[in-house]
């Protein structure tokens with residue numbers, strides 16, 4: 001699989017009673033949006049699903065070959081307005097604006113998204129963090145992917161730095177959404193068993209040291225309800 005240069009992640013709070021799954025009217029409305037996206041030059045893959053912990057939250061992830069391919073879609077007034085109007089059918093976007101991130105994954109995230117269940121985790125950093133903090137995080141946590149796979153039995157994982165977040169004022173003053181990690185498992189139980197291992201405990205200690213050194217913390221976006229990590233049974237692909 002080709003590693004995308006940019007992954008767009010859109011979270012919306014759906015209207016009461018809306019279920020974007022199976023053959024519901026909402027699913028048919030959403031498929032019109034996915035059809036628009038997959039017809040664009042540079043589109044690679046897309047995945048969607050309701051959050052397990054709060055099924056009022058719907059997650060849509062889109063892999064783009066190049067950032068310029070995504071930008072070209074936004075430059076089309078007609079396409080942008082069609083997608084915006086389509087999301088407004090599913091969510092009260094004025095009351096609950098979509099939470100959107102743009103991530104540059106360091107490796108192909110496909111295996112994580114196509115697993116039966118995916119852990120999605122957002123991390124904050126102090127506003128103005130730079131290359132020194134990124135290097136420290138990348139270097140100190142470089143072994144995590146291997147341990148998640150060999151000990152945690154993950155189907156695959158990927159982490160990447162977030163280059164933009166919308167809206168820009170989702171976080172407390174002095175913080176910004178900085179990092180996204182996705183980890184695929186056969187089941188939520190498998191993920192929970194991994195969290196109970198000594199290897200995972202050691203990683204948590206390392207994360208604590210990194211938090212002291214870099215100021216990282218869990219994302220606090222209102223739409224997440226204080227939950228910076230959650231699970232999704234993603235559908236989709238092409």
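Read the figures in this text as sums done on the coordinates, not as results from a lab. Being a predicted model, the structure only gives us computed values, none of them experimental. Here the Cβ positions follow ideal geometry from the backbone for every residue, glycine too, while neighbour counts run over all protein chains shown.
Results, tabulated for the structure shown:
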| read-out | value |
| --- | --- |
| Degrees separating the helix 131-140 axis from the principal Cα axis of the chain, which is the longest one | 70 degrees |
| Computed helical MRE - 222 nm, the chain, DSSP H runs ≥ 4 contributing -39500 (n - 2.57), nearest 500 | -10500 deg cm²/dmol |
| Cα-based equivalent ellipsoid of the chain: semi-axis lengths in Å, sorted from largest, via gyration tensor | 28, 20, 18 |
| Separation in nanometres of the label points that stand 7 Å from Cα toward Cβ, at residue 173 and residue 196 | 4.5 nm |
| Length released on extending from residue 35 to residue 55, taking residue separation times 0.36 nm less the Cα-Cα span | 4.9 nm |
| Residues 74, 33, sorted so that the one with the fewest Cβ neighbours within 10 Å comes first | 74, 33 |
| Sorted peptide list for 117-123, 204-210, criterion being average Cβ within 10 angstrom, highest first | 117-123, 204-210 |
| Inter-site label distance for residue 235 and residue 104 at 7 Å from Cα along Cβ, in nm | 3.4 nm |
| Cβ-Cβ FRET estimate between residue 65 and residue 138, R0 fixed at 30 Å, reported to 0.05 | 0.80 |
| Added length on full extension, which subtracts the Cα-Cα distance from 0.36 nm per residue, residue 151 to residue 189 | 12.3 nm |
| Cα centroid separation, the stretch 202-238 to the stretch 172-201 (Å) | 6 Å |
| Viscosity 0.692 mPa s, 37 °C: Kirkwood-radius Stokes-Einstein D of the stretch 1-128 over Cα pairs, µm²/s | 212 µm²/s |
| Cα centroid of the stretch 1-46 to Cα centroid of the stretch 74-134, whole Å | 11 Å |
| Of 103, 159, 84, the one that fluctuates the most in a GNM where the chain has Cα springs shorter than 10 Å | 84 |
| Neighbour-count order for 8, 16, fewest beta carbons within 10 angstrom listed first | 16, 8 |
